[in-house]
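What follows is calculated from the coordinates using simple rules that are stated; it is not laboratory data. Not measured: the values here are computed from a predicted model. So basically every Cβ, Gly included, is an ideal-geometry build from the backbone, and we count neighbours across all protein chains shown.
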Amino acid sequence: IWMECQHPRVLELLGYAYIEGIPCLISPWCVHRCSNGNITEYLIRNPDADRLRLITQVAEGLAYLHDRDPVVVHSDVKPANVLVNDKEDVKLCDFGVSKLLQDAPSGFTTTASIKGTLRYSAKELLQEDAESTTMSDVYAFGSLILQVMTGKLPYVNFNSDMGVIKAIWDGVTPSPEDYPELPASDPLWDVMRECWDEEPSNRPVMQDLVKTV
C-alpha cells in the first residue's frame, strides 16, 4: 500500500533492505535523517509554527488516501504518525495498519483487526469485529486537530483507558473547558464536533475538511 501512494503529504517508500538479517523499509526519513520528528515534537520546539497550515496538510494527505481507487483507510491517524520534514511540511506515515478497500462502492469499510489508538478511536471501533473506515479516519482527524492546536491529548482529564472507553461509548467528546488554549469561540470546535459525530455518515469527508480547516 505504502509504495503505491505518491503524494506530497505522504512519506515516500524508496524500497527495502536487510540489515543484519532483518527486513527494513527505506524511506527519505531513514536516508536523510530529518530532524523535525513527528508533529508533536516539532511543535514543542517550534511553538509559534502555523498550526492551521500543518492541519490542512494532514487533511490533504488523508483526502488523497481516501480518493484513491481502491480507497485507502489509514486506520491510525494521530500526531505520532505525522512527520514534519526539513521544509516544515507534513508527511503521513505508518501504513502498517492501513487497508485497501476492495469492491466497496458505498461503505468504504475494511476488516482490519487493528483499531488504531484509543484516544483517537470512534465509538464504532470499540465494538466487537469493528471495521476501520474513512469515517473513523475523519473522527481521528478531529482529535488530531485538538492535540495540534492545544498540545494536549484528547480526553486529557482521563487517566485510565477504561475512563476513556466509557467516555467514548457514552458519546462524551472533549470540552473547551478542558482546553483553554483553544477558545470555545474558535470555529475549529465546530469542525471537531462534526468529525466526532456519533453517526459516521454524518461526519464530513476529508475532501471537504481540506477546505474547512
*Gyration tensor (alpha-carbon) shape descriptor, the stretch 31-210, a/c threshold 1.5*: oblate
_Given points 7 Å out from each Cα along the Cα-Cβ axis, report the Lys152 to Ile44 separation in nanometres with one decimal._
1.8 nm
*asked:* Which order do the peptides 55-61, 172-178, 88-94 come out in when sorted by mean C-beta neighbours inside 10 angstrom, highest first?
replied: 55-61, 88-94, 172-178
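Arranged by the count of other C-beta atoms within 10 angstrom, fewest first, what order do Arg203, Arg9, Arg45, Arg68 take?
Values: Arg203 24, Arg9 20, Arg45 11, Arg68 14.
Final ranking by Cβ density, sparse to dense: Arg45, Arg68, Arg9, Arg203.
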*R0 of 41 Å, Cβ-Cβ distance Met162-Asp67: FRET efficiency to nearest 0.05*: 0.65
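May I ask you to sort Asp197, Asp48 by Cβ crowding, counting other Cβ atoms within 10 Å and putting the fewest first? Walk me through the numbers before you get to the answer.
Numbers: Asp197 19, Asp48 6.
Neighbour counts put them in this order, fewest first: Asp48, Asp197.
Kindly state, to the nearest 0.05, the FRET efficiency for Ala184 paired with Asp208, given R0 = 22 Å and r defined as their beta-carbon distance. Before the final figure, lay out the partial values.
Details: r = 23 Å, r/R0 = 1.05.
Working from the Cβ atoms, E equals 0.40.
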*Gain in span if fully extended, Arg53 to Glu128, counting 0.36 nm per residue against the direct Cα distance*: 23.3 nm
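Exposure proxy check: Met206, Met162, Met149 ranked by fewest other beta carbons within 10 Å? Kindly include the intermediate steps, with their values, before the conclusion.
Details: Met206 23, Met162 9, Met149 20.
In increasing order of surrounding Cβ atoms, one gets Met162, Met149, Met206.
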*asked:* Suppose R0 equals 25 Å. What FRET efficiency, 1/(1 + (r/R0)^6) with r the Cβ-Cβ distance, do Glu177 and Ser201 give to the nearest 0.05?
replied: 0.30
